[in-house]
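Every number here is computed from the coordinates shown, using simple stated rules; none is lab data. In this text, all values refer to a predicted model and were calculated from it rather than measured experimentally. Neighbour counts run over all protein chains shown; Cβ positions are idealised from the backbone, glycine included.
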Amino acid sequence: MLSVSASDKAMFILFQNLEKVSGIGRKIHAQVDAMNSIGVHTTVSYLSKNGNEGHLLRMICDKEYSNHESICSFPINCTWRVSFSHLRSYLINNRYTIVYIRYTHFANPFFIGFLRKIKRAGIRVILEIPTYPYDHEYINRSLAEKLILAIERVSRERFKSCVDRVVTFSSEDSIYGVETIKINNGVDLNYIKESKINQVKCCVSIIAVASMYFWHGYDRLLAGLKNYYKNPVETSVWLYLVGIGNNSESQRYLTLIKSYGLSKYVHVRGFTSGDELNSIYEKCHIAAGCLGVHRKMIKDLKSLKNSEYCARGIPFFYSEHDVNFNDKPFVLKVPADDSDIDIARVVDFVKNTQIDRDAMKEFTRNHLGWETQMRKIFILKS
């Protein structure tokens, strides 16, 4: 926990775009709002693509501050990885005392130099690492991405000399030699709509919302559906797969749906939000969390997906070890391996479990709000 005063100024820095409608975008806006609510005066800086010219803009408080044009022989989308002088000057000249960086695996000598210089200026540095460990996310990535990770693996060992704390959703006490602050993946309680309780009749509907990467493991869910429908069934099962895009895993799921003969039972949706997403939730009885984080060699995870499902008041199942939910009666744990999901077991859980929605709401309110999480990081001096 870091002690702060009313005179401190913080900047929440992203090295990616900030879309309010995306899950990550909503999370970041909620974090910033919570920081301001507890007395940590916070502004936001992020990258935005210039639609007309194709290069990246460094935005601060939603206004363009610097322009990452192509330099030398670097590709346009790489200039932000080496150009930190404008951001450093802004932080120092405007007397910021804290930077909170959402870290997405981009460390290199230029970034380390940036951290060291702002540290020497008296600015405290906090890195939030959304998922740890993350090296196995790169197994199926391109050669260029693997090269970036190789540089990152060398550079991150220098964090211990220029980072004050690492914020983590894992159970690690130290990451890369830096003491951690452990928090939960919180939710924006003002945004998420509680779902209604659906009575099971002749059909059970499952919703799975994700950006569709191999660690979501929904191939296990599709294989389970294939097995389930091999024999006559009393209860039909429908799956709403929300977030299908153009990436390779999405395309693999579409291929599996066709080859397994599941087109009748799987409803595919692209990126969906707002009322449209709420209407899908209204049709469903249970939600699928991550089913493949073991593929990233991760056992412990406090998933944002699980927190959002809980806030909606819908029971859910997942495979990782999530200390927030493992013992909750509204949760079904499935094996953390590549076995097919036992759909009959999911159906039995839905039919025979009484869901206490009031208990879910109370747990969300007391443990998963972002103000609660930010108070684990910052303590305001009186």
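Over the chain, what is the relative contact order in percent, taking alpha-carbon pairs closer than 8 angstrom and at least six residues apart?
Once divided by the residue count of the chain, the mean separation gives 18 percent.
Taking only Cα atoms, what is the 0 to 90° angle, nearest 10, from helix 357-367's long axis to the longest principal axis of the chain?
20 degrees
What does the charge count near GLU249 come to, summing +1 for each Lys or Arg and -1 for each Asp or Glu among other residues with Cβ under 14 Å from its Cβ? Mind dumping the intermediate values first?
On the way: positive: ARG141, ARG220, ARG252, ARG295, LYS296; negative: GLU137, ASP219.
So the surrounding residues net to +3.
About the Cα centre, and with charges only on the beta carbon of Lys, Arg (+1) and Asp, Glu (-1), how big is the dipole of the chain? Nearest 20 debye, please.
Working: 51 positive and 39 negative charges, 132 e Å.
Here the chain has a charge dipole of around 640 debye.
Please give me the summed charge of the neighbours of HIS105: other residues whose Cβ is under 15 Å from its Cβ, Lys and Arg +1, Asp and Glu -1.
Taking every Cβ under 15 Å from that of HIS105, the sum is +2.
If R₀ is 41 angstrom, what is the calculated FRET efficiency for the pair LYS193 and VAL233, using the beta carbon separation as r and rounding to 0.05?
The computed FRET efficiency comes out at 0.85.
How big is the antiparallel share of DSSP beta bridges in the chain, given as a percent to the nearest 5?
Roughly 20 percent of the beta bridges in the chain run antiparallel, per DSSP.
Using just the helices of the chain, give the 222 nm mean residue ellipticity in deg cm²/dmol: DSSP H runs with n ≥ 4 each add -39,500 (n - 2.57), and the total is spread over all residues, rounded to 500.
After summing the helix terms and dividing by residue count, I get -9500 deg cm²/dmol.
Relative to the longest principal Cα axis of the chain, at what angle does helix 109-120 sit, 0 to 90 degrees, rounded to 10?
Roughly 60 degrees between the two axes.
With r as the distance between the Cβ atoms of CYS203 and ASP342 and R0 = 22 Å, compute the FRET efficiency 1/(1 + (r/R0)^6) and round to 0.05.
0.75
Exposure proxy check: ARG375, ARG116 ranked by fewest other beta carbons within 10 Å? Let's see the in-between values first.
Numbers: ARG375 19, ARG116 14.
Sorted ascending by nearby Cβ count, the order is ARG116, ARG375.
Find the relative contact order for the stretch 2-183 and round it to a whole percent, using C-alpha pairs within less than 8 Å whose residues are 6+ positions apart. Don't skip to the answer; put the middle values down first.
Working: 297 pairs, mean separation 30.4, N = 182.
Relative contact order of the stretch 2-183: 17 percent.
Along the charge dipole of the chain, Cβ charges K/R +1 and D/E -1, which of ALA107, MET59, LEU87 sits furthest on the positive end?
LEU87
I'd like the distance separating the alpha-carbon centroids of the stretch 279-314 and the stretch 168-187, in whole Å.
First find each Cα centre; the distance between them is then 20 Å.
Of SER248, VAL209, ASN227, whose Cα points farthest to the positive end of the dipole of the stretch 208-276 (charges on the beta-carbon: +1 Lys, Arg; -1 Asp, Glu; origin at the Cα centre)?
About the Cα centre, the residue reaching furthest to the positive side is ASN227.
So what's the angle, to the nearest 10 degrees on a 0 to 90 scale, between helix 343-352 and the longest Cα principal axis of the chain?
It works out to around 80 degrees.
Sequence gap at least 6, Cα distance under 8 Å: using those rules, report the relative contact order of the stretch 203-367 to the nearest whole percent.
Across the stretch 203-367, relative contact order equals 27 percent.
For the residue pair GLU172 and TYR260, what label-to-label distance in nm results when each label sits 7 Å from Cα along the Cα-to-beta-carbon direction?
That separation, rounded to one decimal, is 3.3 nm.
Take the alpha carbon atoms of the stretch 116-145, find their center, do the same for the stretch 1-42, and report the distance between the two centers in whole angstrom.
18 Å
Which links in LYS117/LYS299; LYS264/LYS333; LYS9/LYS160 stretch past 31 Å when you go from one Cα to the other?
LYS117/LYS299
For the pairs LYS193/LYS258; LYS283/LYS351; LYS27/LYS376, note any where the Cα-Cα span goes beyond 22 Å.
From the list (LYS193/LYS258; LYS283/LYS351; LYS27/LYS376), the Cα-Cα distance tops 22 Å for LYS193/LYS258.
In the stretch 2-183, what % of DSSP beta bridges are antiparallel (nearest 5)?
Percentage antiparallel, nearest 5: 35.
5 Å is the cut-off here: which amide hydrogens, built 1.01 Å from N in the peptide plane, fall below it relative to HIS41, excluding neighbours closer than 5 in sequence?
ALA10
Considering amide H positions built from the backbone, and no H for Pro or chain starts, which residues 5 or more places from GLY292, or on another chain, come under 5 Å of its amide H?
Amide H to amide H, under 5 Å and 5 or more residues apart or across chains, GLY292 pairs with GLY217.
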